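Readers should treat all values here as calculations from the given coordinates under stated rules, not as data from a laboratory. From a predicted model like this one, the values you see are computed outputs, not experimental measurements. Backbone-built Cβ (ideal geometry, glycine too); neighbour counts: all protein chains shown.
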Amino acid sequence: MLDTIIIGGGPAALAAAVYAARQKIKFIVISKDVGGQVAWSSDVENYLGFSSIVGIKLAGEFKKHVETNGVKVEMAEVVGIEKKGKQFIVKTPTKNYETKTVLITSGKKPRKLGVKGEEDYEKRGVAYCATCDGPVFSGMNVAVIGGGNSALDAALLLDKYAKKIYVVNLNNQLSGERMLLSKVKKSKKVHIYDNAITKEIKGDGKKVTSLSFEQNGKEFEIKVGGVFVEIGSVPSNSFDKLTKKNQWGEITIHTKNGISNQTSVTGMFAAGDVSSVPEKQVIVAAGEGVKAILGIFKYLNGLK
């Protein structure tokens, strides 16, 4: 019987794991990867201690930190959680774990575009992580779908590799941080299409060859070798059928009796982007992970 299981591998999960290790409680971390959404980011410029650092490097620093505290991550996907009396069973495809508490810190996953050709050409030209896949498209023309920070970030990263970057934005103008907007607009490689509705991702059966969209009532088709879908993300919590969610599918959390990050189910906690905390930032996620594990310590002490 474990004291807690931390589900996820991002900043909330790993910060919580460091504190759990120092408290010498029985716990494990279960995640398909280590780093979470941080590893998708090109540059992180708002994390204390680093004026600017590439996301994958920051994720590496997180990994080193937890390893120095003896934390090991069970590399697996959580497929379900069951309540058994006052305890829980956390299920993976190969093993079940019994625990007194659960901390869900599984973050978010990319939102799908939902147009013809997207599923057919996923991993064959359709991508959701410019940081991960950008170098594959060196010298090619690529499209970035979206108009917010994630799209701007992707365009800037692809500027290092691609021949041309077409930003296809549904709204009448780009949104996002002013610094990112300024950098994107200064790039000679970036071409922006506002008021553009993506219609279809086309290919030759093996790879992406073009993207069609509608702009102000007219149909356009641009030749590209890659399409990066950057239209935000959705909570990665399909395995959780127990807790209450808000209108965006995030796990609702509250503080009661001095114990923070509690969900609607006693003994279950949530932190980071998967939760209803309004600020979605790396540093906030790390702090929320710590808050949650401190809440779990208090809860466990109450069980004794």
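Return the whole-Å distance between the Cα centroid of the stretch 10-83 and the Cα centroid of the stretch 209-243.
Using only Cα atoms, the two centres lie 28 Å from each other.
Quote the relative contact order of the stretch 38-159 in percent (integer), defining contacts as alpha-carbon pairs under 8 Å separated by 6+ residues.
18 percent.
Given 0.36 nm per residue, what is the gain on full extension from Glu61 to Glu77 after removing their alpha carbon distance, in nm?
Computed gain between Glu61 and Glu77 is 3.5 nm.
With an 8 Å cut-off on Cα pairs and a minimum separation of 6 or more residues, tell me the relative contact order of the stretch 166-304 in percent.
Dividing the mean separation by the residue count of the stretch 166-304 yields 13 percent.
Please give the contour-minus-distance gain from Asp194 to Lys163: 0.36 nm per residue of separation, less the Cα-Cα distance, rounded to one decimal in nm.
That pair, Asp194 and Lys163, stretches by 9.1 nm at full extension.
Would you grab the residues whose amide H sits under 5 Å from the one on Ile231? Only those 5+ places off in sequence or on another chain, please, with H modelled 1.01 Å from N.
Under 5 Å from the amide H of Ile231: Arg111.
On full extension of the chain, what length is gained from Lys298 through Met1, given 0.36 nm per residue of separation minus the C-alpha to C-alpha distance?
Working: separation 297, 0.36 × 297 = 106.92 nm, distance 1.80 nm.
Result for the pair: 105.1 nm of gain on full extension.
Which angle between 0 and 90 degrees, to the nearest 10, do you get for helix 55-68 versus the longest principal axis of the chain when only C-alpha atoms count?
Long axis of 55-68 versus the principal axis of the chain: about 20 degrees.
Hey, could you get me the Stokes-Einstein D for the stretch 22-151, Kirkwood radius over alpha-carbon pairs, 10 °C and 1.306 mPa s, rounded to whole µm² s⁻¹?
Estimated diffusion coefficient is 89 µm²/s.
Normalised by the residues of the stretch 237-292, what does the relative contact order come to in percent, with Cα pairs under 8 Å and at least six apart?
Numbers: 75 pairs, mean separation 15.7, N = 56.
It rounds to 28 percent for the stretch 237-292.
Any idea what the dipole of the chain comes to, in debye rounded to 20, about its Cα centre with Lys/Arg Cβ at +1 and Asp/Glu Cβ at -1?
560
Go ahead and estimate [θ] at 222 nm for the chain from helices alone: -39,500 (n - 2.57) per DSSP H run with n ≥ 4, summed, over the residue count, rounded to 500.
Details: 6 runs with 71 residues, N = 304.
For the chain, the value works out to -7000 deg cm²/dmol.
Please state the charge dipole magnitude for the stretch 126-229, taken about the Cα centre, from unit charges on C-beta atoms (+1 on K and R, -1 on D and E), reported in debye and rounded to the nearest 20.
Roughly 420 debye for the stretch 126-229.
Note down the nm distance, to one decimal, between modelled labels 7 Å out along Cα→Cβ at Arg111 and at Leu170.
Going from the Arg111 label point to the Leu170 one covers 0.6 nm.
Mind sorting out which of (1) 33, 51, 17, 0; (2) 34, 53, 13, 0; (3) 36, 60, 5 is the real P(r) over Cα pairs in 20 Å bins from 0, in percent computed from the coordinates?
Recomputing P(r) over Cα pairs in 20 Å bins from 0, in percent here gives the entry labelled (1).
Based on the mean of other Cβ atoms within 10 Å per residue, sort peptides 238-247, 291-300, 267-276 so the most packed one is first. Don't jump to the answer; show the numbers that get you there.
On the way: 238-247: 14.5, 291-300: 21.9, 267-276: 27.5.
The densest-packed peptide leads the list: 267-276, 291-300, 238-247.
Does anyone have the angle between helix 282-303 and the longest principal axis of the chain? Alpha-carbon axes, 0 to 90°, nearest 10?
That helix lies at roughly 20 degrees to the long axis.
Report the calculated FRET efficiency for His254 and Ile89 (r = Cβ-Cβ distance, R0 = 25 Å), to the nearest 0.05.
0.55
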